[in-house]
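Q: Below is a structure I'd like to ask you about.
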Amino acid sequence: MEFVGQLQRQFVQFSHSLFDEGFLDDQFQQLQKLQDESNPDFVLEVVSLFFEDSEKLLNNLSIALQQQIVDFKQVDSYVHQFKGSSSSIGAQRVKNVCVHLRSFCEEQNLERCVMCFQQVKHEYYVVKNKLETLFRLERQIVEAGGTVPFIL
Amino acid sequence: MAQEFHVLAVDDSFVDRKVIERLLKVSSCKVTAVESAGRALQVLGLDEERSPVEFDELKVNLIITDYSMPEMTGYDLLKRIKGSKKLSEIPVVIMSSEDIQPRVNRCLEEGAEEYLVKPVKLSDVVRLRDFILTQKAHPPQMEHNSVKRKWRDESPNAGCSASTSCDHLRPPIPKRRKMVQL
């Protein structure tokens with residue numbers, strides 16, 4: 001039981017840090033509110049969809065930015081989609097960097113776009129890592145016979 | 001007696017479709033979620049290329065659609081629905097991550113019930129559902145459009161009889177957008 005307690009404390013601390021450090025915003029909590037016994041994996045499912053979607057978008061963006069003649073409209077369209085999906089799951093930092101990237105697209109500033117795209121990728125992989133850690137902690141708590149604490 | 005409130009949700013994003021579907025189900029709505037305006041027209045029986053008998057036409061109480069979609073936007077879908085004799089009475093709500101006033105005005109002018117800025121919250125969905133159900137139960141005495149405008153201006157008695165309190169109709173947080181005199 002002590003072990004479960006430890007895990008739960010870790011989980012609470014880690015969750016708080018994600019919000020305090022701006023990785024996640026209120027929208028993530030909105031998703032957590034939609035999870036219940038009838039849909040116990042809702043957040044995991046949505047976030048998994050987000051990961052899948054994001055890999056494709058990042059790949060498309062990478063290709064689009066490497067073209068001889070960059071189609072900024074196309075790049076902008078991908079960034080718009082990525083901004084949308086990251087906003088929908090509450091991935092605040094990713095969303096914010098996407099906003100910057102869009103403004104560089106508008107300026108058609110390739111150098112800035114490329115630099116900003118690196119930032120987008122960085123923020124995405126950081127939050128992906130953090131979310132995977134969060135889900136892993138949840139699993140460990142459940143496997144150890146405990147319940148996952150509410151973070152509100 | 002609870003009526004089944006059927007919503008057609010249209011969004012090209014997998015993530016957003018999943019979220020809106022869940023938001024609607026949690027709000028006790030029946031949901032049909034499609035990934036494009038084209039598909040939405042098909043299920044509504046407005047697709048000219050297919051004869052209506054090929055699909056079981058859906059009876060929907062509300063259509064909620066993303067604005068930015070490839071091929072056909074939510075705005076175009078709104079126009080098609082409002083331009084159709086069969087479906088023009090169905091309320092249409094536009095969702096968009098972009099809070100652009102001219103876009104909002106255009107959608108409202110075209111007959112959209114609301115313009116919701118994404119990400120859509122549970123409180124938005126519940127408020128919408130309740131508002132539309134109330135409109136059905138107590139049809140406004142005044143001309144439809146002016147009631148919508150008044151409600152949006154948050155005058156307390158728009159569309160309601162004097163004896164009922166309309167506080168529950170007023171949105172707690174004005175996430176939806178008002179028409180602005182340009």
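Q: Please report, in debye to the nearest 20, how large the charge dipole of the range A:73-152 is about its Cα centre when each Lys and Arg carries +1 at its beta carbon and each Asp and Glu carries -1 there. All intermediate terms of the calculation are to be shown ahead of the outcome.
A: Details: 11 positive and 8 negative charges, 7 e Å.
My answer is approximately 40 debye.
Q: Hey, another quick one. Quote the FRET efficiency, to the nearest 0.05, computed for residue B:72 versus residue B:106 with a Förster distance R0 of 22 Å and r equal to the Cβ-Cβ distance. Could the numbers behind the result be given before it?
A: Numbers: r = 16 Å, r/R0 = 0.71.
Once the sixth-power term is evaluated, E becomes 0.90.
Q: Between chains A and B, what is the buried accessible area in Å², counting both sides, with a 1.4 Å probe and ligands, DNA and RNA left out, to the nearest 100?
A: Values: alone 9060 and 10050 Å², together 17500 Å².
Summed over both sides, the interface buries about 1600 Å².
Q: As a test of reading the structure, rank B:6, A:122 by solvent-accessible area (1.4 Å probe, protein chains only), most first. Write out the running numbers ahead of the final one.
A: Details: B:6 10, A:122 110 Å².
The most accessible residue leads, giving A:122, B:6.
Q: Along the Cα→Cβ direction, 7 angstrom out, place labels at residue A:60 and residue A:139. What is the inter-label distance in nm?
A: 2.9
Q: Also, quick follow-up: With an 8 Å cut-off on Cα pairs and a minimum separation of 6 or more residues, tell me the relative contact order of the range A:5-152 in percent.
A: Details: 126 pairs, mean separation 46.1, N = 148.
After rounding, I find 31 percent.
Q: Moving on. What shape does chain A take by its C-alpha gyration tensor, where a ≥ b ≥ c are the square roots of the eigenvalues and a/c under 1.5 counts as rounded, a/b above b/c as prolate, and the rest as oblate? Show your work: numbers first, answer last.
A: Details: a/c = 2.81, a/b = 2.53, b/c = 1.11.
It comes out prolate by the Cα gyration axes.
Q: So which lysines can residue B:18 reach, going by Cα to Cα under 20 Å and dropping same-chain residues fewer than 8 places off?
A: By straight Cα distance, residue B:18 reaches A:33, A:56, A:83, A:95, A:128, B:30, B:118, B:121.
Q: Multiply the residue gap between residue A:6 and residue A:111 by 0.36 nm, knock off their C-alpha separation, and tell me the result in nm, one decimal place. Provide the component values of the computation, followed by the final result.
A: On the way: separation 105, 0.36 × 105 = 37.80 nm, distance 4.71 nm.
Going from the current span to full extension adds 33.1 nm.
Q: Further question on the same structure: Given a Förster distance of 41 angstrom, what is the FRET efficiency for residue B:79 paired with residue A:118, based on the Cβ-Cβ distance and rounded to 0.05? Please list the in-between numbers first.
A: Details: r = 41 Å, r/R0 = 1.00.
That gives a FRET efficiency of 0.50.
Q: As a test of the formula, what do you get for chain A when each DSSP H run with n ≥ 4 contributes -39,500 (n - 2.57) and the sum is divided by the residue count, at 222 nm and rounded to the nearest 500 deg cm²/dmol?
A: Using -39500 (n - 2.57) per qualifying helix, the result is -27000 deg cm²/dmol.
Q: Which one, A:68, A:118, A:108, has the greatest fluctuation when you compute a Gaussian network model over chain A with C-alpha springs under 10 angstrom?
A: A:68
Q: For B:110, A:143, give me the order by solvent-accessible area with a 1.4 Å probe, most accessible first, ignoring ligands, DNA and RNA.
A: Correct descending sequence by accessible area is A:143, B:110.
Q: Express the carbon and sulfur contribution to the solvent-accessible surface of the range A:1-86 as a percent, rounded to the nearest whole number, probe 1.4 angstrom.
A: Values: 2220 of 4580 Å².
Percent of accessible area from carbon and sulfur atoms in the range A:1-86: 48.
Q: Between residue A:26 and residue A:69, what FRET efficiency comes out of the Förster formula 1/(1 + (r/R0)^6) with R0 = 56 Å and r the beta carbon distance, rounded to 0.05? Could the numbers behind the result be given before it?
A: On the way: r = 41 Å, r/R0 = 0.72.
Result of the calculation: an efficiency of 0.85.
Q: Report, as an integer, the average count of C-beta atoms from other chains found within 10 Å of each Cβ along B:10-23.
A: Working: counts 0, 2, 2, 7, 6, 16, 9, 2, 8, 11, 1, 0, 7, 4.
Shielding by partners across B:10-23 averages 5.
Q: Give me the angle, in degrees from 0 to 90, between the Cα long axis of helix A:2-20 and the longest principal axis of the Cα atoms of chain A, rounded to the nearest 10.
A: Around 30 degrees separate the two axes.
Q: What order do B:65, A:147 take when sorted by accessible area (1.4 Å probe), most exposed first? Before the final figure, lay out each step's value.
A: On the way: B:65 0, A:147 105 Å².
Ranked from most to least accessible, the order is A:147, B:65.
The values are calculated or read from the model by the stated rules, or taken from the named source; none is laboratory data. What you are looking at is a predicted structure, and each value in this text was computed from that prediction instead of being measured. Counting neighbours? That spans all protein chains shown, and the Cβs are built from the backbone with ideal geometry, glycine included. Side chains are part of the model used for accessible areas, which takes the heavy atoms of the whole protein and leaves out ligands, DNA and RNA. Shrake-Rupley method; radii C 1.70, N 1.55, O 1.52, S 1.80 Å.
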